[in-house]
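The values are calculated or read from the model by the stated rules, or taken from the named source; none is laboratory data. In this text, all values refer to a predicted model and were calculated from it rather than measured experimentally. So basically every Cβ, Gly included, is an ideal-geometry build from the backbone, and we count neighbours across all protein chains shown. All accessible areas refer to the heavy atoms of the entire protein, side chains included, with ligands and DNA or RNA removed. Shrake-Rupley method; radii C 1.70, N 1.55, O 1.52, S 1.80 Å.
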Amino acid sequence: MAASGAAAGGGGRSGGGLGFLSLALGVSLLKCLLVPAYYSTDFEVHRNWLAITHSLPVSQWYYEATSEWTLDYPPFFAWFEYALSHIAKVFDPEMLNIQNLNYASPRTVLFQRFSVIFTDVLFIYAVYECCKCIEEKKAGKELTEKPTFILSVLLLWNFGLLIVDHIHFQYNGFLFGLMLLSIARLFQKRHLEGAFLFAILLNFKHIYLYVAPAYGIYLLRSYCFTEDKPDGSVRWSSFSFHRLIALGFIVCFVSALSLGPFIALNQLPQIVSRLFPFKRGLCHAYWAPNFWALYNALDKMLSIIGLKFNLLDPKKIPKASMTSGLVQQFQHTVLPSVTPLATLLCTVIAMLPSIFCLWFKPQGPRGFLRCLIVCALSSFMFGWHVHEKAILLAILPMSLLSVGKPQDAGIYLLLTTTGHYSLFPLLFTAPEFPIKVLLMLLFTVYSFSSLKTLFRKEKLLNWIETIYLIGLGPLEICCELVFPFTPWKLKYPFVPLFLTSVYCAAGITYAWFRLSISMLPGPAVGKAKLQ
Amino acid sequence: MKEWPSMTVAVLVGLTVRWAVSLNSYSGAGKPPMFGDYEAQRHWQEITFNLPVKQWYFNSSDNNLQYWGLDYPPLTAYHSLLCAYVAEFINPDWIALHTSRGYESDQHKLFMRSTVLIADLMIYVPAVVLYCCYLKETSTKKKIASAFCILLYPGLLLIDYGHFQYNCVSLGFALWAVLGVSHDWDVPGSLAFCLAINYKQMELYHSLPFFCFLLGKCLKKGLKGKGLLLLIKLMATVVATFALCWLPFCTQGEQTLQVLRRLFPVGRGIFEDKVANFWCSLNVLLKIKSRLSSHTQLMLSFALTLLSLLPACVKLTLQPSLRRFRHSLVACALSFFLFSFQVHEKSILLVSLPVCLILNEVPFMSTWFLIVSTFSMLPLLLKDQLALASVVTTLGFSVACVASFLIFENVSEEELQLKAFSMYVRRHVPGFKIPAKMLKTWFAVSMMTMSLLSLGSITMEPPRRLPDLFPVLVCLVSCLHFLFFLIYFNVLILWDHRNGRNQKKVS
């Protein structure tokens, strides 16, 4: 990676173009090297979708259920797979057979891997556009110390995106590309384009609904209302009706394009049931490090204490809860069980303050970006059946903020390091262990050192936060190097995942809290500083 | 050092790429009965662990020398023994006598790959980092850039982590030796170099420059005073190191002779397989291998090697300097590779290591050479199913070099260090100029040829009448390049850049 400053070692003279180009090329080549690495069941998921979209008429896409991995992304993604399948044909037509479950010939692997790598071009372009939105404070610095360069490394070489897309296997790259591009367009005051891109994005993958509130409020407040009062509050009379209509038209147009055919076929309820499977549990098999992980852990602890002091009747405790972490359904023993509605309520409440701030004290695109991250993080914290991968939704946009202010850089370091570490259980195979550790170290060392050089005078993390982050090291050694060789491995196989999840949940909750406070205007920020 | 985070990042990238390459297949994977170098290394663990030292190099019912018999010096054998102890601890099946032949499993692959990584981490990587940190007359950025590029050199990466060998050990020791000798720690330096030779006899390619440089140093200090003392110290070091390494084999003359016979298999002909050296390329035109007797071949190659070595060695002995020492390492190793007897395609790594060391001095030519050297091993790498990894790492290395050294902006007489040479020629041929612009065109043409040949080798079936068409073409093209580089590096040695600068000041 040219990040080593190496690439750009001499690049100082020739400007940022060469630096950016070598960064992008370097990371793409690294992705190619990861082709033979381990891939998860998501590989089969996407192969299956290729087969479904290729060999069945549109009307059956959302009904087909030969494989357990049914199509559960919005229509645009299905069309995307449909388009890919035409290229896949050239590589190996056998992968397009629905009955060929778990088919993975070398050519199939090559095609699938390269489809991710090539679609990432959109991500690279989006990063390039985002870098243009960052204002340069001081000219004449070395290229490698400029915020734009640092930002491009933080985004292009993001550890989470690399392992989730190019080892674990998913198509997040170009989707995040769409999101970053839409954010960049809002920064560039091209609101309609931004809204258009976001509408498309939503129809590719509905997880981006997490950040939709920020988009909605921001566009309404700062685009549909053209003027503010001198004190910054909204001037109701400046409401521009045709701007609202333009926005509405764009959103409706994109949605109609995507859902229209299925509405015509009267399949909307089927699609909705596929997209929002509330039958799955509160937490994924491996608990995403969020509020519910802490909640479950507390429940677990209370039940153990209860059993010890005979406050609870052992017969009443459901069996499954004893093997927590291994089964999807976690039944609470002491604390009340959580319903989907409760999680929705918690999520909305967590988002509300920042949404209010976005409405009453809009701070331009940066305020919007901050609100977007808070929304993403709040959904991650309190959402129903959240995957650990969803943390990327907060980490990537947060990179944009991190190169702006030292406080944000501190939150960013805390959030990314913890969030990335929480992705470790995704790769549990031995050959990939060195890769994940090395890549993680690479990214962490770079992000810390570059942000420290960027904000020379400021202290980014206080001592508690530093100790917390250093603690991740021993935690990793215990969980993956020591624990497997102890006799407890067979009796309590879930302990490493449990520890990882809870430890990371603490850090991410803290980061969410600090970020939410930073959203509040004026004195509150001062208070946050005092703490 | 202020820039340690950047250095850490550079090293981490190098390590990541190394491990990513090791996810690929290895030589002879799933190809009984002989398998490949991977099996050879495993077999050596089996032999050294189960047989007494006396039998390691001898043919016996337990040690069939036809099946990957040990043919490296004792240090390699000791290393195998050490690995064997670890293997025994993890899974004794891996090294069970006889029954473990051709053992392959994912776990075993992981074990073997990690032994390479550990050896690399302990010997080669620190040497590279230290070497770059102590570069003289270089900015910190350039130091880091050099370390970054050296660690990404695809040839070594692909052979060690793809094909499977432990070149990082012998090359690492050689690098430690260079490091020692160039900072006047001559005794530790020669110790490290003896270890390198005792790990792989191919390190003898580097021995002459070391010898000449150290001898020159002694001569410079005066053979009657300090120089003599140094000479005695060095001789003692060398003898002691060799004696220690060969201790178990020194007890009987027959033992020593047998090891030597294993190390230098003179009977195997002037070359095997396709190698990008002079003889193999010449063989395409004149079938020397079948026309000349084995003895004539040996004499011819000896004479030609000596002849090509001579100028650099004489110059280095008479005027020892660090710069000339590094250049002689390249030139001598290249001479050996091109003209000596029984050369393997992997031996080009011995030339690449010193070229890596001058990467920051003459970036354009070094990068060019390093790319060609990787290309010359293409047939071997394709056999091991490393096509994707080779292409990707070579491209990555090129990107790294172009971005960190801006090689295309630095193609001038001065940057190529040919000022002294061209001034010399101008005295006889007025108006002579180094065609620097033309060099860029050549570079482009050479890259195009190599890309096309690579593409052809990977994607096309050769015509039935010429099954070896692509390997032979690869060898020919690489050999032509190497001859050109041999001339260039000899010119660098004979017309030192420094003299040029001095003359300029005088005039």
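Summary table
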{"item": "Percent carbon-and-sulfur accessible area, segment A:2-169, ignoring ligands, DNA and RNA, probe 1.4 Å", "result": "62 percent"}
{"item": "Gyration tensor verdict on segment A:241-288 (Cα atoms; rounded if a/c is under 1.5, prolate if a/b is larger than b/c, oblate otherwise)", "result": "oblate"}
{"item": "HN-Hα J in Hz across segment B:292-298 - Karplus 6.51, -1.76, 1.60, θ = phi - 60°, x for Gly and Pro", "result": "8, 6, 4, 5, 4, 4, 4"}
{"item": "Distant alpha-carbon pairs in segment A:144-300 (separation over 26 angstrom), percent", "result": "49 percent"}
{"item": "Amide H partners (placed H, <5 Å) of A:F225, local residues excluded", "result": "A:S240"}
{"item": "Calculated log₁₀ intensity ratio I(q)/I(0) where the Debye formula runs over C-alpha points of segment A:387-530, q = 0.16 Å⁻¹", "result": "-0.89"}
{"item": "Shape parameters for segment B:316-461, alpha-carbon atoms, Rg then Dmax in Å", "result": "17.2, 53"}
{"item": "Accessible area in square angstrom per residue, segment A:387-530, 1.4 angstrom probe", "result": "42 Å²"}
{"item": "Residue-count net charge about B:W44 - beta-carbon cut-off 11 Å; Lys, Arg +1, Asp, Glu -1", "result": "-3"}
{"item": "Counted charge near B:N490, where neighbours are those whose Cβ lies closer than 15 Å (Asp, Glu -1; Lys, Arg +1)", "result": "+3"}
{"item": "Accessible area in the full protein assembly, largest first, 1.4 Å probe, for A:Y468, A:Y510", "result": "A:Y510, A:Y468"}
{"item": "Exposure rank, largest accessible area first [B:M7, B:M235; 1.4 Å]", "result": "B:M235, B:M7"}
{"item": "Under-5 Å amide H pairs with A:Q331, H placed in peptide plane, nonlocal only", "result": "A:S321"}
{"item": "Base-10 log of normalised Debye intensity for chain B (one unit scatterer per alpha-carbon) at q = 0.05, 0.07, 0.12 Å⁻¹", "result": "-0.19, -0.38, -1.21"}
{"item": "Area accessible to solvent at A:H332, 1.4 Å probe radius, in Å²", "result": "20 Å²"}
{"item": "Whole-number Å³ per residue for the convex hull built on Cα positions in the protein assembly as shown", "result": "229 Å³"}
{"item": "Approximate spin-label separation A:R107-B:I288, in nm, with each point projected 7 Å along Cα-to-Cβ", "result": "4.4 nm"}
{"item": "For A:Y38, residues with placed amide H under 5 Å, excluding near neighbours", "result": "none"}
{"item": "Estimated [θ] at 222 nm from DSSP helical runs (n ≥ 4, -39500 (n - 2.57)) normalised by residues in chain A, nearest 500", "result": "-19500 deg cm²/dmol"}
{"item": "log10 of Debye I(q)/I(0), alpha-carbon scatterers only, for chain A at 0.08, 0.09, 0.11 Å⁻¹", "result": "-0.54, -0.70, -1.07"}
{"item": "Residue order for B:I90, A:I271 - accessible surface, 1.4 angstrom probe, largest first", "result": "B:I90, A:I271"}
{"item": "Orientation-averaged projected area, Cα convex hull of segment A:2-169 (nm²)", "result": "10.9 nm²"}
{"item": "Prolate/oblate/rounded label for segment B:30-165 (Cα gyration tensor, a/c 1.5)", "result": "prolate"}
{"item": "Estimated [θ] at 222 nm from DSSP helical runs (n ≥ 4, -39500 (n - 2.57)) normalised by residues in chain B, nearest 500", "result": "-21500 deg cm²/dmol"}
{"item": "For segment A:392-398, Karplus couplings with θ = phi - 60° (6.51, -1.76, 1.60), whole Hz, Gly/Pro x", "result": "4, 4, 8, 5, 5, x, 5"}
{"item": "Segment B:134-142 - phi-based ³J(HN,Hα) in whole Hz, Karplus 6.51/-1.76/1.60, Gly and Pro as x", "result": "9, 4, 9, 6, 9, 6, 4, 4, 5"}
